[in-house]
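Enquirer: Can you read through this structure? Questions will come right after.
The values are calculated or read from the model by the stated rules, or taken from the named source; none is laboratory data. The structure presented is a predicted model; accordingly, all values stated were derived computationally and were not measured. All Cβ positions, glycine included, derive from the backbone under ideal geometry; neighbour counts span all protein chains shown. These area figures cover heavy atoms from the full protein model, side chains too; ligands, DNA and RNA do not enter into them. Shrake-Rupley method; radii C 1.70, N 1.55, O 1.52, S 1.80 Å.
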Amino acid sequence: MAKELHKCLINYFSQLEKVDYKWNQLSEEATRSLHGLKNQSEQLRLVISNEVDDAELCKINKLRDRLIFKILMGINDELTLLFDILTRFNNVNQDLNNRLNNLEIARSKVSLDEETMKELVNGTPYRPRLNLLLEWAIEAFNYYRQLYLLINGSIKQFNYKDEETIENLTKSFDEDRFKRLRIERAFLIPYFVMLAIEGIPIFYLELAIGQRLRKGAIGVWNQVSPYMGGIGVSSAVVSFNVALYYNTIIAWCLFYFVQSFQSQLPWAECPNVYFQNGSYAPEPECVVSSPTQYFWYRTTLMISEDINTPEIFNWKIALALVIAWILVYMCMIKGIASSGKVVYVTATFPYIVLIIFFFRGVTLTGMSDGLRHLFTPKWWKLTDPVVWLEAGTQIFFSLGLAFGGLIAFSSYNPVNNNCYRDAIMVSLTNCFTSMFAGIVVFSIIGFKATMVYEHCLSERNNTLISIFGQIDKIPDEIPASGTLLNITTGNGTLDNLIMPELPECDLEKELDNSASGTGLAFIIFTEAINQFPGAQFWSILFFLMLFTLGIDSQFGTLEGVVTSIVDMKLFPNLRKEILTGGICLVCCVISMAFAHGAGSYVFLLFDNFSGNFPLLIIAFFECIAVSYVYGLKRFADDIELMTGNRPGLYWLICWKYLSPMAMLSILIASIVEIIVDGSGYPAWVASKGITEKHEWPVWALVLIGILILASVLWIPTVAICRLFGILIIEDNEKAWFPAADLKEFHGIVPHEVTPAETLLFCIRSDGSEGLCCPTGGPSDDDEDLT
């Protein structure tokens, strides 16, 4: 039916002032304006529910009044934008002048109120103008019908803006994890290696497969193979788990943001403990740690001694969580239409703040020490598989890989969009932003470490001067602590002193001990901000930036969960805004598990295990599905159709060998290390003011297993159920893809298999492939699906 609709529309366009231009060119231009339609979901749902065959579409005069009225009412707001499209065409081809005039006359003379519409339908003198409008209406109808097919018949909010391309929809993923970067001097080497063999290739793969098959993650992998549909479900589950705990970071940022408006920052000094006699003393826990650590662990987290003793409920963070979930829902209530507007602020504001902090950071004392620490590698760390796992996780989070969002976003790209260019540009922009953010972070870390180091030296020198009297009398070799000293005082008397223990001042140790994860933002940065003039301003700016970063990633991740539920038709009669509200409410209730004394430990459990391992496993099966099931040659042919250029051997090698092997090696090495060395979490010891590693209890290990298995077991489960005839994911009609038009547009000729492709990938001349498992040659999917 889609092919007949396409032919019907071509006939209409050829009749309009005999203007000869291709459907796909006009369609892409018209699509950009049609993305701006507002409040069309209900009207289109009524249209789609009607049974209209091809004959009725081709015979406009026989269409029902209601169908005409509904479509024209919906297209009225878009006529101005369509007129602008024609104006741009007119600049290239003057033959479109007549059509511009006709459209302008129609817009000025045809009123879309109900009475006028009835007159027009009954055959008034304006009937020729109505036909012109009807052609535009049917184009809109066909466009939306194709999008309904893309989302398996579900109604969605199709009002993306042209500027919301894949570049700026994904660029915000980069900054959202810079604040959680693992502080390792060998981190940069694994980072760039993983970026080259995992990050960019898989990013390229997801953009291309989504643009080619034009469906969401579940629909794409189900079309690649019905046995691979579980990959999309696993991506949705991972997105839910990440969204569940990620809002806790936003709640913490909100709490610190509000606290920053005080005349003196509450983490600047230790609070006092008051006694009944009116005297007071500094809080002992704060004295043995630091004001920033005390405010983080005791005031904010109200932390317990371990994960087994939750103790008191943290009502402050609970309230912040409720507010955070309300804000997320407000950003998502109208789907991408509302979140797309918010992203303009949330994606650009962090760059502005980063630039401000950059110029502040490079002027600080100790900046060079921090940057030297960042770019000087610890080679022995390269043997630690956890560093490679963290590097891979950093890549996955920063680029948004395996979450399913990239596939969904790229499905809305034009069919001839250069996804290769997008993959390279976005990946390099992501890498640049990560490096830029790293420079900002380490310049401030260097400043903080230098301040601590200089304060330590000052205390050490004052202690030595108090013992030896003058600087020139201090010996070159300092006696060990506990040594009995015979010191001659200024009046000639001899004093016996015991050498006290001097503080150890080591700048490198201070840099090495810089906190990672959440401690980097809430301990190290707050301690550095305390030293800034106008500390309140810098604190407000910093935590507002973290808030925008967090909420930007949050509604993007949660949108993937909502879309997947809609695609699977779990609640077919539920409006999307109600569904979104229900999901946010459920997540808000579950997230109360992070709002008690042991909540931060539960947060660490989710952070360490709900994303790292599942994302690698999902991406591994994505490579397997494309390379060994869909077919590497077939995938390369698709990319050549869309971009006009065939992917090089490097990308094919990465998709088939390097990326899967790298992910599998990291997974095995990480699991072996956890089994051998165990896994634990840093528990806060209030009496010492430090954290100590505790082993996860049995129930936590069970929860870890559930988090991982609940995400990845969908992959084999869907395949096994399909094998026994049980359909978890329904098969849907393939999306429209103009293969023939693209071949003609790019001038593509059939690709001859090269000796290198035969040698490396066992691609045979008939298009079939070998090595590991055979795949078929070109299939019916490669026909011109119009």
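Enquirer: Residues of segment 535-589 being among the charged types (D, E, K, R), in contact (Cβ under 8 Å) with a residue 24 or more places away in the chain and over 27 Å from residue 255 (Cβ atoms), which ones? Step through it out loud before you land on a result.
Expert: Keep residues of segment 535-589 that are among the charged types (D, E, K, R), which gives 552, 559, 567, 569, 575-577.
Applying the additional criterion that residues be in contact (Cβ under 8 Å) with a residue 24 or more places away in the chain yields 552, 559, 567, 569, 576-577.
Result: 567, 569, 576, 577.
Enquirer: Sticking with this one: So, residue 398, is that one in contact with a Leu (Cβ under 6 Å, 6 or more places away or on another chain), in the same structural domain as residue 532 (by the TED database) and hydroxyl-bearing (Ser, Thr, Tyr) or not?
Expert: No.
Enquirer: Just to be sure, is residue 281 free of Cβ contacts under 8 Å to residues at least 12 places away in the same chain, closer than 22 Å to residue 619 by Cα and open to solvent by 20 Å² or more (accessible area, probe 1.4 Å)?
Expert: On the way: free of Cβ contacts under 8 Å to residues at least 12 places away in the same chain: yes; closer than 22 Å to residue 619 by Cα: no; open to solvent by 20 Å² or more (accessible area, probe 1.4 Å): yes.
The answer is no for residue 281.
Enquirer: Taking the condition among the charged types (D, E, K, R) and open to solvent by 60 Å² or more (accessible area, probe 1.4 Å), does residue 695 pass?
Expert: Answer is yes for this residue.
Enquirer: So residue 237 passes all but one of these: (1) under 18 Å from the mean Cα position of the chain (by Cα); (2) closer than 20 Å to residue 628 by Cβ. Which condition number does it fail?
Expert: The failed condition is (2).
Enquirer: While we're on this one: Go through 339, 263 for me and flag whichever is modelled with pLDDT under 90 and either of a type in the set (D, E, K, R) or open to solvent by 40 Å² or more (accessible area, probe 1.4 Å) (or both).
Expert: Only one candidate passes the filter, namely 263.
Enquirer: Could you check how many residues of segment 396-414 are modelled with pLDDT of 85 or more and part of a helix (DSSP H, G or I)?
Expert: Within segment 396-414, residues that are modelled with pLDDT of 85 or more and part of a helix (DSSP H, G or I) number 4.
Enquirer: Which residue is farthest from residue 765 (Cα to Cα), if the candidates are limited to segment 614-642 and must be open to solvent by 10 Å² or more (accessible area, probe 1.4 Å) and within 25 Å of the chain's Cα centre (by Cα)?
Expert: 617
Enquirer: Restricting the search to segment 284-305, which residues are open to solvent by less than 50 Å² (accessible area, probe 1.4 Å) and of a type in the set (Lys, Arg)?
Expert: If the condition is that a residue be open to solvent by less than 50 Å² (accessible area, probe 1.4 Å) and of a type in the set (Lys, Arg), then no residue fits.
Enquirer: Does residue 682 qualify as being open to solvent by 50 Å² or more (accessible area, probe 1.4 Å) and touching a Ser or Thr at 6+ places or on another chain (Cβ under 8 Å)?
Expert: Taking the combined requirement at face value, the residue satisfies it.
Enquirer: When you check residue 364 against the structure, is it assigned to a helix (DSSP H, G or I) and in the same structural domain as residue 553 (by the TED database), yes or no? Give the derivation first.
Expert: On the way: assigned to a helix (DSSP H, G or I): no; in the same structural domain as residue 553 (by the TED database): yes.
Against the criterion (assigned to a helix (DSSP H, G or I) and in the same structural domain as residue 553 (by the TED database)), residue 364 does not qualify.
Enquirer: Additional query: How do the helices (runs of 4 or more DSSP H) wholly within segment 186-253 filter down when requiring 3 or more residues that are modelled with pLDDT of 90 or more and open to solvent by 10 Å² or more (accessible area, probe 1.4 Å): which remain?
Expert: Details: elements: 188-194, 200-213, 217-224.
Qualifying helices (runs of 4 or more DSSP H): 217-224.
Enquirer: It is to be established whether one or more residues within segment 227-236 are assigned by the TED database to the domain that holds residue 598 and in contact with a Lys or Arg (Cβ under 6 Å, 6 or more places away or on another chain).
Expert: yes
Enquirer: Could you please find all residues in segment 296-326 being more than 19 Å from residue 286 (Cβ to Cβ) and of a type in the set (S, T, N, Q)?
Expert: Selection gives 308, 309.
Enquirer: Here are some residues: 520, 549. Which one is open to solvent by less than 10 Å² (accessible area, probe 1.4 Å) and at pLDDT below 80?
Expert: 520
Enquirer: Kindly establish whether residue 311 is charged (D, E, K, R), modelled with pLDDT under 90 and out of contact with any Pro (no Cβ under 7 Å at 6 or more places or on another chain).
Expert: Here the answer is yes, as residue 311 does meet what is asked.
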